[in-house]
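Q: Quick one: the structure is below, and I'll ask about it shortly.
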Amino acid sequence: MKNDHLDVDRMREELLEAISPHVPFDGWSEPAFRQAVADLGVDPGLARIVCPRGAIDLAVEYHRAADRALARALTTTIWPEGMRFRDKVAAAVAMRLDLVDPELVRRAASVFALPQNTATGAKLVWETADVIWRALGDTAQDFGWYTKRLTLSGVISGSVLYWLGDESEGKADTRAFIENRIDEVTRLENIKGRITGLPGIKGLLGAIRAPGDRPMPGKTTRSAEGL
């Protein structure tokens, strides 16, 4: 197969499917990546073109595939009439957790905790927050675009860690944890709103705009990241 005819997205998906059974035992590691390549029967050189960082790129793809599934689910969700917006956000975070395997996430968390991968991990959480805000109809174009994603990123990160250790039936304790965190964020947002409404601060923050189509966190492309 010639490189110019290589279906990068399809091969990445196939490699992700092939590596998944090995991750619980070997983590998102080089041995797991090599085994996935062997199981799939593809040329190792082509596999490296698709995933230059090996298993790390597949861990990234696992995260983003769940984000895409969440975006599709949220666009077709019919919310109960009168449902509070903060409850929709909490439900969206819970939905995102339901889309992934705890053991694969646990292994990914240990990988993204490494110094060389922390920036990538933080970026992925930011992207998840962005997916939720966009799917729920956020239209912020000012400083709020950043603060909403920053605060929700904190909720998501904390919720994932709690979820990984949650042994309650149906992960009920995780749902309660998410609800509590959203309540805390709501209170902070109310305080922030009063502070940023002050004349001097309002004028300063008014110059800050959402990134739009620029390759910023939450709206990046694979080509911009080199994937």
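Q: Based on the mean of other Cβ atoms within 10 Å per residue, sort peptides 56-67, 126-137, 16-27 so the most packed one is first.
A: The densest-packed peptide leads the list: 56-67, 126-137, 16-27.
Q: Give me the count of lysine pairs in segment 8-207 whose alpha carbons sit under 16 angstrom apart, restricted to pairs 8 or more positions apart or on different chains.
A: 4
Q: Additional query: Please work out the average accessible area per residue across segment 128-178, using the 1.4 Å probe convention, and give it in Å².
A: So segment 128-178 comes to 44 Å² accessible per residue, rounded to a whole number.
The values are calculated or read from the model by the stated rules, or taken from the named source; none is laboratory data. Because the structure is a prediction, the values reported are computed rather than measured. Glycine also receives a Cβ, built like all others from the backbone with ideal geometry; neighbour counts cover every protein chain displayed. The accessibility values were calculated without ligands, DNA or RNA, using every heavy atom of the protein model including side chains. Shrake-Rupley method; radii C 1.70, N 1.55, O 1.52, S 1.80 Å.
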